[in-house]
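I have placed the structure first, in the form of structure tokens, so that the comments after it can refer back to it.
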Amino acid sequence: MIRQIVSRPLIGSMLAITLGLGTGTGCSHQIELTHPTDVALLANATVATDARMPLLLETVRVTHNGSAIAPPAILERQVLGAIEATRLFSQHYQSGHAQPAANQARVTVRLSIDNLVEPHAGQAAWRGLLVGASMFTLAPFISLNYDYGTQMSLEMERWDGKIKHYSATANGSAHYKLFGANPEVIEQLKGQVTEACLSSLLNQVIQDSPLYLAQSEQPQGNQIRTVSVGVRHSSSRAVPVSRSLTDTSPR
């Protein structure tokens, strides 16, 4: 009887220590991102405002570990928001929403996104989970990883039928303890990887900006208005971008 009475406070103390470790170290997480090599060489240019053309985002195709999925609405907003932020195009349209006039010259965009997702953990971690009583004890020390990579292929078609292709890749990993598993961490990782890949892709487009401008001569004596175009710098917070789809006002 005495042993049982003594063991109860001992068990309680051990659980308290374990929970304390879980709270102190288990909730920590870290996101590591492998930026594309050309992101550091951000392109910028100054173009005539009247030379900018409207853009139509015609299709966004997405695969997830090789299986085709419907593009999430937040992803479509992020893509269109990143394109708008370059300020290279005068107006921005998307299939299913307001469309440019049938006879209006425009640049048509088709984007393919291949995502590779690999949530995994070490074999030792899963052995610990199989032992029910040891889950509490091992949880603060079990490291979990979530790898996320994306490859984007962009097709740009000019109003005269000329087509050019661009591609970019980005990868990242989220590292966290078992008690720190949180869907927000995964969403932050996805948003940051997608933004880095889009920046790399659009940086290539900006370098070819003369291809997507109208080649009309400006009347002499008229002041030419210009605008600076370039890729938006990635924010320090790893959160997905949310923007309106139907902004078609000239920029």
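For a quick check: sort Leu154, Leu202 by the number of other beta carbons within 10 angstrom, fewest at the front.
Numbers: Leu154 21, Leu202 26.
So the ranking, lowest neighbour count to highest, is Leu154, Leu202.
Quick one: which residues, 5 or more positions from Ala43 or on another chain, have an amide H under 5 Å from its amide H? H modelled 1.01 Å from N in the peptide plane, none for Pro or chain starts.
The answer is Val231.
For an R0 of 25 angstrom, estimate the FRET efficiency from the Cβ-Cβ distance between Trp159 and Asn44 and round to the nearest 0.05.
E between Trp159 and Asn44, to the nearest 0.05, is 0.55.
Got a sec? How would Ser167, Ser199 order by Cβ neighbour count within 10 Å, fewest to most?
Final ranking by Cβ density, sparse to dense: Ser167, Ser199.
Enumerate the calculated ³J(HN,Hα) couplings along region 62-79 in order (Karplus 6.51 cos²θ - 1.76 cosθ + 1.60, θ = phi - 60°), each rounded to whole Hz, writing x wherever the residue is Gly or Pro.
So the Karplus estimates, Gly and Pro as x, are 10, 10, 10, 6, x, 9, 5, 9, 6, x, x, 4, 5, 5, 4, 5, 5, 5 Hz.
All other residues with a Cβ under 12 Å from the Cβ of Leu33 taken together, and with Lys, Arg as +1 and Asp, Glu as -1, what is their net charge?
Working: positive: Lys190; negative: Glu32, Asp147, Glu195.
With Lys, Arg at +1 and Asp, Glu at -1, the neighbours total -2.
Work through the residues other than Pro119 whose Cβ is under 13 Å from its Cβ and net out their charges, Lys, Arg +1 and Asp, Glu -1.
Overall, the nearby charge balance is -1.
Kindly put Asp147, Asp160 in sequence by how many other C-beta atoms sit within 10 Å of each C-beta, fewest to most.
In increasing order of surrounding Cβ atoms, one gets Asp160, Asp147.
Values quoted throughout were computed directly from the atomic coordinates according to the rules given, and no laboratory measurement underlies them. What you see is a predicted model; the values in this text were computed from it and never measured. For neighbour counting, all protein chains shown are included, and Cβ atoms are generated from backbone atoms with ideal geometry for every residue, glycine included.
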